[in-house]
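Trainee: Would you mind keeping the following structure in view while I ask a few things?
The values are calculated or read from the model by the stated rules, or taken from the named source; none is laboratory data. Just so we're clear, the structure is a prediction, and the values are computed from it rather than from any experiment. Here the Cβ is made from the backbone with ideal geometry for all residues, glycine too, and neighbour counts use every protein chain on show. Side chains are part of the model used for accessible areas, which takes the heavy atoms of the whole protein and leaves out ligands, DNA and RNA. Shrake-Rupley method; radii C 1.70, N 1.55, O 1.52, S 1.80 Å.
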Amino acid sequence: MGHTRRRAHRVARLVAIGAVVCGGLMVSQAAADGSPAHGSGGDPTRVLETRDTRDAELARSLVDKLGTSRTAGGWIGSDGQAVVAVTDAEAAAEVNRAGARAKQVRYSMRQLRSATETLREAPRVAGTAWAVDAMSNEVVVLGDSTVSADQWSRMKGVAGGIGGEVRMERTTGSFTTRTAGAEPIFTQGGRCSAGFNVTNGQAGFILTAGHCGPNGTAWFADTQGNTRVGTTVRSDFPGSDFSLVQYQNASLDQSSVLNVGNGQAVRITGAADPVVGQKVFRSGSTSGLRSGSVTALNATVNYPEGTVSGLIQTNVCAEPGDSGGPLFAQTVALGVTSGGTGDCTSGGVTFFQPVTKALTALGVSIPNAPASDGDAADTAPTTPANGSGAGAPADPGAAGGAGGAGGQVNPIIPGTQGDTSTLAGVVAYAQSLGPGLALIGAGLLGFLATLLIRPGRRGYSGYSTRWG
């Protein structure tokens, strides 16, 4: 009996310790759900930092200042510092003085763009794409699995005629738009994700992908078509890939807030062009919030429906139904989802229509945005009047989906999960931690009991009562 009691005592102690460990894991997970969102993207989980946005702006400004004949693009290095490719020593010195790092290269951006123009003038081959890779100082041509050997051979001939600045690569899967398959905005022919809310100063609109629907397309918040969201009043696809959906009535006009899942929201305060290497987030109604980085700019994709140029290329995954969803960094709008290859299980390549080009072409802007540049990322978040976001005109909680993400989205809007700046936020945060804390408390009490209540022992001649 003594042995049995002591074994039961040890088991009770192990159970108590296990409860403390499990409770700790639950608290850790709940804390993570309140601010960082987790999941897979095209890149490992990383935290977006304000410095990343500032260095991106520095790289952009230096490239603009020095011009396309003296630079070949800029990017964010692995150490987080802005890097600018230059073609001469004087430009390198200017870049270094500005606080960025210079890399001298052979081909200028003017030469690289000339190479892309030659590719564009060649006979179109669906399933191919190309973009300027600033880091390698090359134009990279991709061919997906639908491109035949003969077609690829002809593309190689075109590339060979251009010169050493073009590199050819095959890729798996196929380049497709990401239209059908999910909510939150529905039309008779497909489903897409809302992107950013924009305004012309008089009316409210949703900026989304152009391939989602032509002019006159009616959009609804439900599959039955009971709740009308709005109508497409301007669509540009192919060539570009953006469209403008005008809200049905003023009561549906939205603020510049994105709901990105897990109770989190981000206020968009401006728009900008990204740089290669910049860390970004994409939100979509199928796969939720995902993270990754920009891998190339000025990309051209030959979709089966037509050619789209001037796109942002990233390693952030996307799936059908994510089309039109927002690409952003910190609080800055960068693009809307166009298409790509792969999925969020195996990864892939995703292309985005730059927001800046769309805003200019459409004559609209981000609501209440103080500026359309990278400096907007430092603007403090505020609570929206209606608390709803661009992703869900009829259901503020739907935008961004319930999927995971790869990193932390800043800032958290006051009043949402993860905010502890108000009493309500503290209560909500404590409630999310409650189950884990309760399990930790029960485990500690159980462990304390095993220390205070010791099993009875019977003494035996010749043996210590402490053995076993």
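Trainee: Going highest first, how would you order 168-174, 320-326, 224-230 by mean Cβ packing within 10 Å? All intermediate terms of the calculation are to be shown ahead of the outcome.
Mentor: Details: 168-174: 14.0, 320-326: 29.9, 224-230: 15.7.
Descending packing order for the listed peptides: 320-326, 224-230, 168-174.
Trainee: Along the positive direction of the dipole of the stretch 111-256 (beta-carbon charges: Lys, Arg +1; Asp, Glu -1; about the Cα centre), which of GLN202, GLN151, SER256 reaches farthest?
Mentor: Of GLN202, GLN151, SER256, it is GLN151.
Trainee: Among DSSP beta bridges lying fully in the stretch 251-302, give the percent that are antiparallel, nearest 5.
Mentor: Details: 9 of 9 bridges.
Bridges in the stretch 251-302 are about 100 percent antiparallel.
Trainee: Over the stretch 109-262, what is the percentage of antiparallel beta bridges among all DSSP beta bridges, to the nearest 5?
Mentor: On the way: 27 of 32 bridges.
Counting only bridges with both partners in the stretch 109-262, antiparallel ones make up about 85 percent.
Trainee: Could I ask something else about it? With a/c under 1.5 counting as rounded, go ahead and sort the stretch 90-188 into rounded, prolate or oblate using the C-alpha gyration tensor (a ≥ b ≥ c being the square roots of the eigenvalues; past the cut-off, prolate if a/b is larger than b/c, else oblate).
Mentor: Numbers: a/c = 2.93, a/b = 1.42, b/c = 2.06.
Oblate shape, in that a/c is at least 1.5 and b/c is the bigger or equal ratio.
Trainee: Taking 0.36 nm per residue of separation and subtracting the Cα-Cα distance, what length does fully extending THR307 through ALA361 add?
Mentor: On the way: separation 54, 0.36 × 54 = 19.44 nm, distance 1.82 nm.
Taking THR307 through ALA361 to full extension adds about 17.6 nm, to one decimal.
Trainee: Find the accessible area per residue for the stretch 95-184; the probe is 1.4 Å, ligands and nucleic acids are left out, and the unit is Å². The partial results should precede the final answer.
Mentor: Details: 4420 Å² over 90 residues.
Normalised by residue count, the accessible surface of the stretch 95-184 is 49 Å².
Trainee: Quick one: net charge around ILE162, please, counting Lys, Arg +1 and Asp, Glu -1 for every other residue with C-beta under 13 Å from its C-beta.
Mentor: Working: positive: ARG113, ARG120, LYS156, ARG167; negative: GLU117, GLU121, GLU138, GLU165.
Here the count lands on 0.
Trainee: Using a ≥ b ≥ c from the Cα gyration tensor of the stretch 76-128 (square roots of the eigenvalues), is it rounded, prolate or oblate, where a/c under 1.5 gives rounded and otherwise the larger of a/b and b/c decides, a/b for prolate?
Mentor: Numbers: a/c = 4.92, a/b = 2.13, b/c = 2.31.
In terms of gyration-tensor shape, oblate.
Trainee: Write down the percent of antiparallel bridges among all DSSP beta bridges whose residues are both part of the stretch 66-124, to the nearest 5. Walk me through the numbers before you get to the answer.
Mentor: On the way: 4 of 8 bridges.
Taking every DSSP beta bridge with both residues in the stretch 66-124, the antiparallel ones total about 50 percent.
Trainee: Additional query: Tell me the accessible surface of LYS357 in square angstrom (1.4 angstrom probe, heavy atoms of protein chains only), to the nearest ten.
Mentor: 90 Å²
Trainee: Where a ≥ b ≥ c are the square roots of the eigenvalues of the C-alpha gyration tensor, would you call the stretch 317-367 rounded, which needs a/c under 1.5, or, failing that, prolate if a/b is larger than b/c, or oblate?
Mentor: Working: a/c = 2.91, a/b = 2.11, b/c = 1.38.
Prolate.
Trainee: Still on this structure, I have one more. Suppose each label sits 7 Å from its Cα in the direction of the beta carbon; what would the ILE17-ASP79 distance come out to in nanometres?
Mentor: With each label placed 7 Å out from Cα toward Cβ, I get 4.5 nm.
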